[in-house]
Every structure is written in C-alpha cells, then in structure tokens.
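Since every read-out is calculated from the coordinates, none of them should be taken as a lab result. Just so it is clear, the structure is predicted and the values come from calculations on it, not from any experiment. Cβ atoms come from the backbone with ideal geometry, glycine included; neighbour counts cover every protein chain shown.
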There are 2 protein chains.
Amino acid sequence: MGKAYNIMAATCPSRTVLHRIGARWTVFIVNALDNRPMRFTELKAHIRGITPKALTETLRAMEYDGLISRTEIPANPPHVEYALTDLGRSLLAPLRAVREWAESHVPDIERARAQADAQR
Amino acid sequence: MGKAYNIMAATCPSRTVLHRIGARWTVFIVNALDNRPMRFTELKAHIRGITPKALTETLRAMEYDGLISRTEIPANPPHVEYALTDLGRSLLAPLRAVREWAESHVPDIERARAQADAQR
DNA sequence: CGGGACGGTATAGATTGTATACTGGTATCT
DNA sequence: AGATACCAGTATACAATCTATACCGTCCCG
C-alpha cells in the first residue's frame, strides 16, 4: 500500500482535505464535540468569538465531508444536534495533539515574538 | 501546572498560536523541512502550487514565532537557508500526524462528498 | 398577543490568499 | 563582452474568505 497520496503534489486530492482540516474553525469544532454532541447555540457559546456565519459555514463543510452529522430532533422544543461521525472521531487524536501543542507552547512563542520585536 | 491555557477562550493567547499553525501553508513548510534545511527556491519547487508571495509571508511569520531560522550564507553562490528550530521541530510530531491523517483518509472524504452530492 | 430561545441569513467591510509579472544581483556560457 | 539563467524575493491587481452587526421566521410559554 504505502503512500498513495502526497500532500506536496499540487493536484493531489489530499490538498483539499488538508485545506478543510486547516480551515480556521475546524480544530475548535472537533475539539468541542470530543465528549458529546452539541447544539448550534451550545457550540456558539463554547467556542468564544465565533460568529454564527462562520459556525454555519464550517459545520456545513464538515458535514459535506462526512466529519460530523446534523440531526434535527423533532422533540419539544425541537433542536439540532451536531455530532462527530466515526470519520470525524478519527480526526480527534491528531487535532487534540495540535491543540495541546498550542496550549503548552504559548510562552515559547511569546518569548520568540518579544525577542524578534526587540531586535529592531 | 495543568492547563494554564484554553483555546476555547476568545482572549487566550493560544488562539493566536493556533491561528499561526493553522495558516494555509505552515503544515507544508514544517513537513518539508522535516529532513533537512532548504532554500527558498527549493521550498517553492517542493511545495507545488505555492506562490512566492505566500511562501515569503509564511516564512517571515514562522521566523517571527521562532519556528524556523533564516540564514544567509555568504558563500559562493550566496543563498538563504531555512531550517526548523527546536521549537519548530517539536511541531513535527503533531503536524506529521495531521498530514498522515489527510493522506490516508482521502477516499473516505471523497466518498462522503460524492454521497452528499448524490443526495440532492 | 408579547416576549424569548433556537437556528440560522443578509449585508457590508476588512483581511487574507492567488495569479502573474517583474527586479536586482551574481554567475556561467559563448 | 554580451547574453542567458538562477536566486530570492517585490509589485500589482484581483478573488476568496473572515468578521461584525443586524435581522428573520418558527415555536413555545404565559
């Protein structure tokens, strides 16, 4: 089998996949849905600073790619639940690693930035 | 120590860090510099489809954040070498995981997209 | 019927990314 | 010496994406 796809090739479909993963809010949504499904408004409250437009668009794109499922629940009151699919869940491990790297290396990067600023 | 930073908070500095990691071309550059330092033109050839402007800007930003180093080599012919710093190298593991996920899940995502298209 | 929660849209402006062309310096070929 | 080519980028114009802010229709509760 080996590697059938290579992200470095411009025409490679893995590019479009990486493009989606790298989109502004995907990491946040995958991390937010880690434990349990959430509703639109819940997600909006949980991911501070996201606008409804950005949330809608990212959710639609992720649904199109089969990463999350969108279920309208006709109960009373009716609401919509977003959940990770199996495919989306498989993204959890890599993206959690990225999140943890970010959270743990803030001081290093702030130091580098301060040093770069001082340099000039 | 625990988690001092939480990406879900809008004001958290880890946001800006994640923003940089998630930028369009960062993943490609980190993966490209995995084995050895490279020059500007080498990177441009290796990462198919990147424009010189995008490459310059991403490299500058990553240098500012202390992820890569830029060294002008006054030898003959003079050239510029970009290399991962220790900090940048620590990003390799998480980003390689993301790359591998992308490369190995192309068929799943293409299937999901085809199915979504057919649905309508 | 008034008001609020839910799940979004609409619109406009700012930021970011892309395509394409070009530059200035050095080295090599002839 | 002149032409050509490589290197490391800039410049310019245009397109796509992201953000802020406001608004909408439906349903339920009182």
Residue that is farthest from DNA strand C (Cβ to nearest atom) [pool: residues in region B:32-82 that are of a type in the set (Ser, Thr, Tyr) and within 14 Å of chain A (Cβ to nearest Cβ)] = B:69
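Residue-by-condition table, conditions (1) under 12 Å from the mean Cα position of the chain (by Cα); (2) aliphatic (A, V, I, L, M):
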| residue | (1), (2) |
| --- | --- |
| A:7 | no, yes |
| A:15 | no, no |
| A:28 | yes, no |
| A:56 | no, no |
| A:78 | no, no |
| A:99 | yes, no |
Search result, residues across region A:51-99 that are aromatic (Phe, Trp, Tyr) and within 16 Å of DNA strand D (Cβ to nearest atom) = A:64
So which residues in region B:12-25 are within 8 Å of another protein chain (Cβ to nearest Cβ), over 12 Å from residue A:102 (Cα atoms) and not charged (D, E, K, R)?
-> B:23
Members of region B:35-50 that are of a type in the set (A, V, I, L, M, F, W, C) and within 12 Å of DNA strand D (Cβ to nearest atom) = B:38, B:40, B:43, B:45, B:50
